[in-house]
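S.K.: Below is the structure I would like to discuss, written out as structure tokens.
The values are calculated or read from the model by the stated rules, or taken from the named source; none is laboratory data. Note that the structure is a prediction, hence the values are computed from the model and not measured. Cβ placement follows ideal geometry from the backbone for every residue including glycine, while neighbour counts extend to all protein chains displayed.
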């Protein structure tokens with residue numbers, strides 16, 4: 001093993017592991033994947049492991065390997081806290097697949113256990129590192145759209161019923177919810193990263209006629225920002241055949257539309273601007289129909305951060321914002337009234 005390659009391990013080998021494994025193969029010159037662990041030996045046998053990785057059904061093999069410096073956790077959300085706590089206590093840095101956990105209290109506990117152990121915590125919220133999103137973030141930081149007047153986020157995706165027929169999928173116990181926690185979380189996280197958190201939320205969730213499932217497949221929300229700005233969110237997996245997700249931001253000097261990674265900006269003075277490119281996002285019947293390049297960007301940034309002793313681009317604590325928003329949308333729907341994203345902390 002080259003001294004310049006960071007030794008890491010993977011925990012989890014389900015459907016969502018594919019873009020991670022492809023990304024790690026791309027990064028083979030920088031990363032040494034020593035282990036892939038899963039409780040299910042059939043999953044280990046069914047996937048093509050990164051080159052050189054050893055398969056194991058024992059998490060202890062990962063924890064007891066002194067060379068492993070960082071662990072990527074790809075288990076179902078309901079197992080994140082259990083696994084991350086053990087990894088952090090073993091002194092290894094952690095990158096966890098979204099969501100952090102099945103609900104806000106568990107997510108907070110997960111972040112705090114990593115902070116207490118003094119290890120870095122990254123999260124796979126890869127929309128933040130797309131080229132178009134990074135360009136838009138710079139425009140907003142420079143004030144080039146002027147004072148913001150409104151924001152809209154639309155996630156009109158499609159999942160057939162057999163997607164939800166998989167045991168545990170779309171349930172509170174395993175996934176922590178439906179479309180908000182599993183699909184729209186990426187777009188909502190990016191919206192908050194770009195525009196900040198609203199002061200209050202008016203939300204409504206439902207399960208449409210398209211699906212038989214425990215949790216919501218459709219959600220809407222009105223976001224009330226300080227200063228009077230409003231935001232609108234619509235998310236669903238009941239829109240066949242599935243459409244690109246969109247974030248639109250309006251300002252006094254111009255407007256921006258970010259669609260599946262492609263940014264188009266139109267200014268009030270007639271100028272236009274373009275950045276990024278449209279990429280597949282898994283919005284149709286194939287949930288894995290997307291480019292893994294943004295995954296690779298998050299993984300590479302995290303591993304470089306670990307090696308350099310710096311903070312990763314997508315931190316666990318920053319990811320709590322989207323958990324607060326999702327919890328507020330669900331709670332507002334339950335109460336039939338506005339709630340603040342931090343309502344759990346004050347109730």
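S.K.: Among all residue pairs at least 6 apart or on different chains, which show Cβ distances below 7 Å where the first residue, located in the stretch 143-167, is more than 10 Å from residue 251 (Cβ to Cβ) and in the same structural domain as residue 193 (by TED's automatic domain parsing) and the second is modelled with pLDDT of 95 or more and exposed (fewer than 12 other Cβ atoms within 10 Å of the Cβ)?
M.R.: 158/241; 161/212
S.K.: Also, quick follow-up: Restricting to the stretch 35-47, count the residues that are surrounded by fewer than 21 Cβ atoms within 10 Å (Cβ to Cβ) and outside any loop (DSSP other than H, G, I, E, B).
M.R.: Adding up the residues that qualify gives 6.
S.K.: I've got another one for you. Collect the residues in the stretch 121-142 that are surrounded by fewer than 19 Cβ atoms within 10 Å (Cβ to Cβ) and in contact with a strand residue (DSSP E or B) (Cβ under 9 Å, 6 or more places away or on another chain), keeping them in residue-number order.
M.R.: Correct list: 131, 134, 135, 140.
S.K.: Same structure again: Does residue 51 fit the bill of being touching a strand residue (DSSP E or B) at 6+ places or on another chain (Cβ under 8 Å), under 19 Å from residue 16 (Cα atoms) and either surrounded by fewer than 17 Cβ atoms within 10 Å (Cβ to Cβ) or not assigned by TED's automatic domain parsing to the domain that holds residue 24 (or both)? Explain how you work it out, then say what you get.
M.R.: Working: touching a strand residue (DSSP E or B) at 6+ places or on another chain (Cβ under 8 Å): yes; under 19 Å from residue 16 (Cα atoms): yes; either surrounded by fewer than 17 Cβ atoms within 10 Å (Cβ to Cβ) or not assigned by TED's automatic domain parsing to the domain that holds residue 24 (or both): yes.
Taking the combined requirement at face value, the residue satisfies it.
S.K.: Report yes if residue 118 is out of contact with any strand residue (DSSP E or B) (no Cβ under 7 Å at 6 or more places or on another chain), in the same structural domain as residue 302 (by TED's automatic domain parsing) and modelled with pLDDT of 95 or more, otherwise no.
M.R.: yes
S.K.: Let me ask you something else. Quick one: which helices (runs of 4 or more DSSP H) sit completely within the stretch 286-347 and have at least 1 residues that are under 25 Å from residue 112 (Cα atoms), in contact with a helix residue (DSSP H, G or I) (Cβ under 8 Å, 6 or more places away or on another chain) and at pLDDT 95 or above?
M.R.: 293-308, 316-335
S.K.: Here is a follow-up. Among 169, 144, which is the only one that is assigned to a loop (DSSP other than H, G, I, E, B), more than 15 Å from the chain's Cα centre (by Cα) and within 28 Å of residue 198 (Cβ to Cβ)?
M.R.: 144
S.K.: For the stretch 263-285, how many residues meet the condition of being buried (at least 18 other Cβ atoms within 10 Å of the Cβ) and at pLDDT 95 or above?
M.R.: 3
S.K.: Take the stretch 66-87 and flag every residue that is farther than 26 Å from residue 177 by Cα and either out of contact with any strand residue (DSSP E or B) (no Cβ under 6 Å at 6 or more places or on another chain) or surrounded by fewer than 14 Cβ atoms within 10 Å (Cβ to Cβ) (or both).
M.R.: Correct list: 66, 67.
S.K.: Restricting attention to the stretch 172-181, which residues are surrounded by fewer than 21 Cβ atoms within 10 Å (Cβ to Cβ) and in a helix (DSSP H, G or I)? Break it down stepwise before answering.
M.R.: If we filter the stretch 172-181 for residues that are surrounded by fewer than 21 Cβ atoms within 10 Å (Cβ to Cβ), which is where we start, we get 172-175.
If the condition is that a residue be surrounded by fewer than 21 Cβ atoms within 10 Å (Cβ to Cβ) and in a helix (DSSP H, G or I), then no residue fits.
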